[in-house]
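Taking it in order: structure first as structure tokens, then the write-up.
Read the figures in this text as sums done on the coordinates, not as results from a lab. Model, not experiment: these values are computed from the prediction. Glycine gets a Cβ as well: all are built from the backbone with ideal geometry, and neighbour counts include every protein chain shown.
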Amino acid sequence: MVRPATMCDADAVHQLVNYYAEQGLMLHRSLESIYESLRDFLVCCRDGRVVGCVALRLYWRDLAEIRSLAVSREHRGRGIGRELLLGAVQEARNLCLPRVFALTYEPAFFEKFGFRTVDKDALPPKVWRDCIHCPKADACDEVAVILEL
Ligand SMILES: CC(C)(COP(=O)(O)OP(=O)(O)OC[C@H]1O[C@@H](n2cnc3c(N)ncnc32)[C@H](O)[C@@H]1OP(=O)(O)O)[C@@H](O)C(=O)NCCC(=O)NCCS
């Protein structure tokens with residue numbers, strides 16, 4: 001049920017991500033930024049409706065980020081987050097990336113799948129280029145996790 005996103009999914013992805021962003025669990029994404037990065041996204045659908053999403057963002061030949069991982073509240077706890085995360089990891093493997101990272105408030109979820117928590121300073125500076133748009137830029141409290149592939 002996990003497949004690459006299409007333009008038809010953009011509104012649903014936007015709503016899902018921003019639903020959790022309103023609760024401070026994720027960063028807000030504009031609809032424009034979702035259109036621009038739509039090819040990064042995988043979605044999971046149930047009954048024709050998008051109920052989960054994840055994105056794999058490429059940074060450099062040896063680094064990519066798993067971001068915007070979200071499962072709708074009523075579909076949580078049914079293995080969808082796992083399928084999405086593993087789908088993004090598989091994409092990274094297909095691209096011959098040696099590692100992926102995530103910035104998250106849910107490190108324990110990622111650790112279940114072999115990610116390890118690292119010091120954010122271990123990530124290269126280019127990772128922080130989006131942070132200038134973040135309201136928490138000066139006080140980032142997300143945890144960095146990395147998976148070697
Ligand atoms: C975190 C999230 C993606 C998990 O999705 P989910 O579909 O509910 O998770 P799954 O059902 O696939 O869970 C897979 C396993 O992880 C465990 N798990 C789920 N959420 C967890 C969490 N927050 N911390 C630790 N373990 C977690 C489950 O118990 C399950 O374990 P099991 O295989 O031993 O039974 C989902 O809760 C979510 O969208 N949260 C809000 C947004 C968010 O915080 N995203 C995080 C990335 S920025």
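Select from the range 21-56 the residues that are hydroxyl-bearing (Ser, Thr, Tyr) and in contact with a Lys or Arg (Cβ under 9 Å, 6 or more places away or on another chain) and list them in ascending order.
Scanning the range 21-56 gives a single hit, 37.
Pairs only if they're at least six apart or on different chains, beta carbon under 9 angstrom, first in the range 16-30 and under 14 Å from residue 142 (Cβ atoms), second among the acidic types (Asp, Glu) and surrounded by 11 or more Cβ atoms within 10 Å (Cβ to Cβ); list them, first residue then second.
25/106; 27/130; 27/142
Which residue is farthest from the chain's Cα centre (by Cα), if the candidates are limited to the range 57-75 and must be crowded, with 22+ Cβ neighbours inside 10 Å and within 17 Å of residue 114 (Cα to Cα)?
Checked the range 57-75; the qualifying residue farthest from the chain's Cα centre (by Cα) is 64.
Across the range 10-42, what is the number of residues that are under 16 Å from residue 91 (Cβ atoms) and either loosely packed, with under 13 Cβ neighbours inside 10 Å or out of contact with any Ser or Thr (no Cβ under 9 Å at 6 or more places or on another chain) (or both)?
Residues that pass the stated criteria total 2.
Just to verify a result, which residue in the range 95-149, among those that are of a type in the set (A, V, I, L, M, F, W, C) and touching a Gly at 6+ places or on another chain (Cβ under 9 Å), is nearest to the ligand (Cβ to nearest atom)?
109
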